[in-house]
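Take a look at the structure set out below.
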Amino acid sequence: MSYRELSMIEVKEVLRRREAGQGLREIARETGLDRKTVRRYVAAADEAGADEASVQEVVQRVQARPLPAPSEPRQRLEAHRAQIAEWLSPSKPDTRALRLTKVHVLLCRRGVDVTYATLCRWAHDELGFRERKPTVRVDDPDPGQEAQVDFGKMGMLDDPATGKRRTLWCLIVTLSFSRMQFVWPTFDQTTEAVCEGLDAAWAFFDGMPARVLIDNAKAMITTAHATAPRVNDAFADYAQARGIFVDTARVRRPKDKPRVENQVPFARESWFDGETIADLDEARRSAEAWCRAAAERVHGTTQQVVREHYERAEKPAMLAAPTSRFDVPLWTDAKVHPDHHINVQRALYSVPTRYIGRYVRVRSDQLLVRVYLGGELIKAHDRQPPGGRSTDPNDYPPGKDVYANRSFTEIIKRAHKQGPHIGQYAERLFDRPLPWTTMRQGYQLLRLCDTYSAAKVEAVCERSLSFDVIDVPRIGRMLKQALRAEDSAEQRGQLKKLPQAPRFARNAEIFSTRTKRREDD
């Protein structure tokens, strides 16, 4: 038989009337309660000697019910409590926990014939299986301290640049204190898109928070970690340039940034769904207009108009908004090749000789390319287009830069040192529209001086200039023929080589400037 359980205020009213001297019938009539119900509560109060201050004790005496005996299926499960607990939460570290469906199968094999629903309720009640964990409501940070950032998928949008429909994403930025928010539509989830969207948000807010709380997107985080995440180098550059700090949420922990997580479906349903938007530019204009309109609403948590709350309490605590666009850098790793150059974005940049074979870290933006080894800046170049090259002659060993720079003037200078006619011949050799095309002949002319002596080359160059013959291979053939003629004449006895030590040469000691020591010293 069931009994009606009175609320605390109803029990208190019954006891108050009892103390006033009313009878059971009068109390039942004026309160609308059943007389038997009134009698039970009055009897409990008399047994306990209760007054108004002990209403809870009266309620406990009347409404306390003995726990029902466990059902027969639960009794069978209770007999296997230890085994079920071990299956669901193994004590051995190398043993995996079983799913409850597998536990049900194993119990059936042992003859424990219970339904899965009964097993699920029993495991929840007795073992705390899938017990819902209590949560702690985190207080809002101080004004101007935090903005939570997240990407949200909106839907599909036509892209006139490619002529295709593409997935439209939105970078949503929500200020944790005032709930002021900004939505930035984009087709990409790159570092450039994140920096562009954040700068647009700071311009919309007319200020910046001290810290941004982000998720683990590759555009911002290189290595996700609960306590020591590694921020993307380019995004770290952005944070340093803007003077803000970066904090990250844990992987698959949306409650770490709840202020922005629940704004993704809100923005999608309230702004994007059902709208006809032509392109990305129109989407951005529409999203900004929607943000301004949404800021006029009364927020359900703060119970204040969002814009007024922001202007009054948070904006004075914000940092100044940036006035210039951030040039997003590209960080890459490159190897210094034996030719002293590294390849960055299909362009070549020189590095000093001592770094050949080393891997370096390269930061390239629109204007400069900076090369780092560890924390040391070892080289900086102006940014070159794809296919370009920036070479610093000082990066080469002494004397080797002329080869890399195709300096034919250096060849002419060295030729003049060998002889005046050799120098004139070199000048005539490079006197043409594309002088660097004959650099090999210039080097050949210098090698002829080493092979046949500068005097012989000087004589041949003088004769060739008189006939206006500018052809280094021909000079080489002439010197080779002359050498053969000399060898032939020497074999026939018509030419005799001078001895290595001339007949009247004086001893080298005669030219010595150091005096000999006396024998008695």
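Identify the single condition in (1) surrounded by 15 or more Cβ atoms within 10 Å (Cβ to Cβ); (2) closer than 30 Å to Asp450 by Cβ; (3) in contact (Cβ under 8 Å) with a residue 40 or more places away in the chain; (4) touching a Ser or Thr at 6+ places or on another chain (Cβ under 9 Å) that Gln418 does not satisfy, given that it satisfies every other one. Status for Gln418: all satisfied but (4). Go through the residues of the range 349-359 one by one and say whether even a single one is at pLDDT 95 or above, under 26 Å from Ile221 (Cα atoms) and of a type in the set (Phe, Trp, Tyr). Yes: the range 349-359 contains one or more residues that are at pLDDT 95 or above, under 26 Å from Ile221 (Cα atoms) and of a type in the set (Phe, Trp, Tyr). If a residue has to be in contact with a Pro (Cβ under 8 Å, 6 or more places away or on another chain) and outside any strand (DSSP E or B) to count, how many in the range 316-325 make the cut? Total meeting the criteria: 3. Screening the range 451-484 for residues that are part of a loop (DSSP other than H, G, I, E, B) and not aromatic (Phe, Trp, Tyr) and picking the one that is modelled with the lowest pLDDT gives Val469.
Among the residues making up the range 104-132, those that are assigned to a loop (DSSP other than H, G, I, E, B) and within 15 Å of Ser89 (Cβ to Cβ) are Gly128, Phe129, Arg130, Glu131. Here Asp140 meets the list (1) out of contact with any Phe, Trp or Tyr (no Cβ under 7 Å at 6 or more places or on another chain); (2) of a type in the set (D, E, K, R); (3) assigned to a loop (DSSP other than H, G, I, E, B) almost entirely, failing just condition (1).
Residue-wise test of (1) in contact (Cβ under 8 Å) with a residue 12 or more places away in the chain; (2) hydrophobic (A, V, I, L, M, F, W, C); (3) part of a loop (DSSP other than H, G, I, E, B); (4) over 30 Å from Gly375 (Cβ atoms).
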site	(1), (2), (3), (4)
Ala313	yes, yes, no, yes
Asp327	yes, no, yes, no
Thr332	yes, no, no, no
Gly357	yes, no, yes, no
Arg361	yes, no, no, no
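Scanning the range 82-102 for residues that are closer than 16 Å to Arg130 by Cα and not β-branched (Val, Ile, Thr) turns up Ala85, Glu86, Trp87, Leu88, Ser89, Pro90, Ala97, Leu98, Arg99, Leu100, Lys102. Within the range 104-120, the set of residues being under 19 Å from Pro70 (Cβ atoms), in contact (Cβ under 8 Å) with a residue 12 or more places away in the chain and of a type in the set (A, V, I, L, M) comprises Leu107, Val112, Val114, Leu119. Scoring Ala203 on the criteria (1) surrounded by fewer than 18 Cβ atoms within 10 Å (Cβ to Cβ); (2) small (Gly, Ala, Ser); (3) in contact with an Asp or Glu (Cβ under 8 Å, 6 or more places away or on another chain) leaves a single failure, condition (3).
Residue-level analysis places Pro398 outside the set of residues that are within 30 Å of Phe326 (Cα to Cα), in a loop (DSSP other than H, G, I, E, B) and either modelled with pLDDT under 95 or not assigned by TED's automatic domain parsing to the domain that holds Ala455 (or both). Mind checking whether some residue in the range 344-363 is within 29 Å of Arg211 (Cα to Cα), crowded, with 17+ Cβ neighbours inside 10 Å and within 22 Å of the chain's Cα centre (by Cα)? Scanning the range 344-363 turns up at least one residue that is within 29 Å of Arg211 (Cα to Cα), crowded, with 17+ Cβ neighbours inside 10 Å and within 22 Å of the chain's Cα centre (by Cα). For the range 340-355, which residues satisfy the criterion of being among the basic types (Lys, Arg) and either assigned to a helix (DSSP H, G or I) or under 11 Å from Ile378 (Cβ atoms) (or both)? The answer is Arg354, and nothing else.
In the range 137-154, the residues that are in the same structural domain as Phe205 (by TED's automatic domain parsing) and surrounded by fewer than 17 Cβ atoms within 10 Å (Cβ to Cβ) reach residues that are part of a strand (DSSP E or B) and among the hydroxyl-bearing types (Ser, Thr, Tyr) with C-beta atoms within less than 8 angstrom, at least six apart or across chains, in these pairs: Lys153/Thr167. Residues that are free of Cβ contacts under 8 Å to residues at least 12 places away in the same chain, farther than 18 Å from Arg61 by Cα and not in a helix (DSSP H, G or I) within the range 3-49 comprise Ala20, Gly21, Gln22, Gly23, Gly32, listed in sequence order.
Applying a threshold of 9 Å to beta carbon distances and a minimum spacing of six or more residues, or different chains, the list of pairs starting in the range 264-285 at a residue that is hydroxyl-bearing (Ser, Thr, Tyr) and ending at one that is modelled with pLDDT of 95 or more and surrounded by 12 or more Cβ atoms within 10 Å (Cβ to Cβ) reads Ser270/Trp290.
Every condition in (1) among the hydrophobic types (A, V, I, L, M, F, W, C); (2) surrounded by 11 or more Cβ atoms within 10 Å (Cβ to Cβ); (3) closer than 30 Å to Leu175 by Cα is met by Leu98 except one, and the failing one is (3).
Note on the range 245-296: residues that are in a helix (DSSP H, G or I), of a type in the set (S, T, N, Q) and under 27 Å from Leu319 (Cβ atoms) total 1.
Apart from one condition, Ala321 fits all of (1) within 23 Å of Cys195 (Cβ to Cβ); (2) surrounded by 13 or more Cβ atoms within 10 Å (Cβ to Cβ); (3) in contact with a Lys or Arg (Cβ under 7 Å, 6 or more places away or on another chain); (4) not acidic (Asp, Glu); the exception is (3). Among the residues of the range 154-180, those that are within 20 Å of Asp281 (Cβ to Cβ), of a type outside the set (A, V, I, L, M, F, W, C) and touching a strand residue (DSSP E or B) at 6+ places or on another chain (Cβ under 7 Å) comprise Gly155, Asp158, Asp159, Arg165, Arg166, Thr167.
Any residue at all in the range 160-183 that's of a type in the set (Val, Ile, Thr), in a strand (DSSP E or B) and loosely packed, with under 15 Cβ neighbours inside 10 Å? Yes, the conditions are met somewhere in the range 160-183.
The values are calculated or read from the model by the stated rules, or taken from the named source; none is laboratory data. Quantities reported herein were computed from a predicted structural model and do not represent experimental measurements. In this analysis, Cβ positions are derived from the backbone assuming ideal geometry, glycine residues included, and neighbour counts consider all displayed protein chains.
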